[in-house]
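Engineer: This is the structure I have questions about; it appears just below.
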Amino acid sequence: MKQLTKKQRRILILLFFLYLALVFYVTCFGVRMDNVADGSPRYNLKPFKEILRFWNQREIVGTRSMLLNIFGNVVMFMPLGMFVCAVPKKANILICLIISAFFSLLIETIQFCFNLGSFDVDDLILNTAGGVLGYILFAIFRGFVRLAHRDKKAKA
């Protein structure tokens with residue numbers, strides 16, 4: 001399989017930074033379900049607490065909010081894993097896990113410090129899982145493309 005050209009690499013890097021800016025905007029200024037009336041920062045350090053709360057109270061908070069909270073965090077970070085898999089030559093799933101966890105931690109910390117949302121360990125878990133899932137799906141897709149390319153070469 002051919003390597004990316006300089007132009008393709010630059011476009012991919014530009015798309016990556018646009019993606020990061022979009023994630024930052026959405027997480028810090030977009031959908032906010034955790035505002036506090038008194039304006040004090042909120043945090044959750046107990047794993048799965050908010051996930052279970054949204055699941056158990058889905059009739060109260062609404063199915064849309066529950067799905068947005070649980071699956072939105074996963075889906076939002078899947079492109080990060082895909083970018084990690086696509087760009088560096090030495091990327092692996094551990095690097096993807098570290099980058100996803102770090103970026104998620106950065107966002108959660110910014111939300112907490114600037115009172116733009118809450119620091120939620122569940123978001124760290126879901127975001128990191130989304131990054132890793134994106135990496136895995138992209139790696140599988142890339143493997144199928146390579147197999148198809150190899151089969152095409154063998155027939156020629």
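Please treat every number below as a calculation from the coordinates, not as lab data. If you're wondering where the values come from, they're calculated on a predicted model, not measured in any experiment. Virtual Cβ from ideal backbone geometry, glycine too; neighbours counted across all protein chains shown.
Engineer: Once you have the Cα-Cα distance between Arg58 and Lys46, take 0.36 nm times their residue separation minus that, and quote the gain in nm to one decimal.
Structural biologist: Additional length available on full extension: 2.4 nm.
Engineer: Run the numbers for His149 and Lys89: contour at 0.36 nm per residue of separation, minus the present Cα-Cα distance, in nm.
Structural biologist: Full extension from His149 to Lys89 adds 19.7 nm.
Engineer: What is the distance in Å between the Cα centroid of region 40-67 and that of region 77-156?
Structural biologist: 24 Å
Engineer: Return the sequence-ordered ³J(HN,Hα) values of region 50-67 in whole Hz as given by the Karplus equation 6.51 cos²θ - 1.76 cosθ + 1.60 applied to θ = phi - 60°, using x for Gly and Pro.
Structural biologist: 6, 4, 5, 4, 5, 5, 5, 10, 4, 5, 7, 7, x, 4, 4, 5, 5, 5
Engineer: Also, quick follow-up: Using a cut-off of 25 Å between alpha-carbon atoms, which lysines can reach Lys155, once sequence neighbours fewer than 8 places away in the same chain are excluded?
Structural biologist: Here the lysines satisfying the reach criterion relative to Lys155 are Lys2.
Engineer: Here is a follow-up. Sort the following peptides by mean Cβ neighbour count (other Cβ atoms within 10 Å, averaged over residues), highest first: 119-130, 90-101.
Structural biologist: 119-130, 90-101
Engineer: Here's a follow-up. What net charge is computed for the residues neighbouring Leu105, neighbours being all others with C-beta under 12 Å from the C-beta of Leu105, Lys and Arg scored +1, Asp and Glu -1?
Structural biologist: Value of the local net charge: -3.
Engineer: Out of all Cα-Cα pairs in the chain, roughly what percent, to the nearest whole number, are more than 20 Å apart?
Structural biologist: Across the chain, Cα pairs with separations above 20 Å total 56 percent.
Engineer: Amide H neighbours of Asp120 under 5 Å, counting only residues 5+ apart in sequence or on other chains, H built in-plane at 1.01 Å?
Structural biologist: Asn44
Engineer: Whole-Hz Karplus ³J(HN,Hα) for region 3-16, in order, using 6.51 cos²θ - 1.76 cosθ + 1.60 and θ = phi - 60°, x for Gly and Pro?
Structural biologist: 6, 5, 6, 4, 5, 4, 5, 4, 5, 4, 5, 4, 4, 4
Engineer: Could you tell me which residue out of Cys28, Met76, Trp55 lies farthest along the dipole of the chain toward its positive end? Charges go on the beta carbon: Lys and Arg +1, Asp and Glu -1, centred on the Cα centre.
Structural biologist: Farthest towards the positive pole: Met76.
Engineer: Now a separate question. If a paramagnetic tag sat 7 Å from the Cα of Phe114 along the Cα-Cβ line, which residues of region 80-108 would have the backbone N under 19 Å from that point?
Structural biologist: Label zone hits: 102-108.
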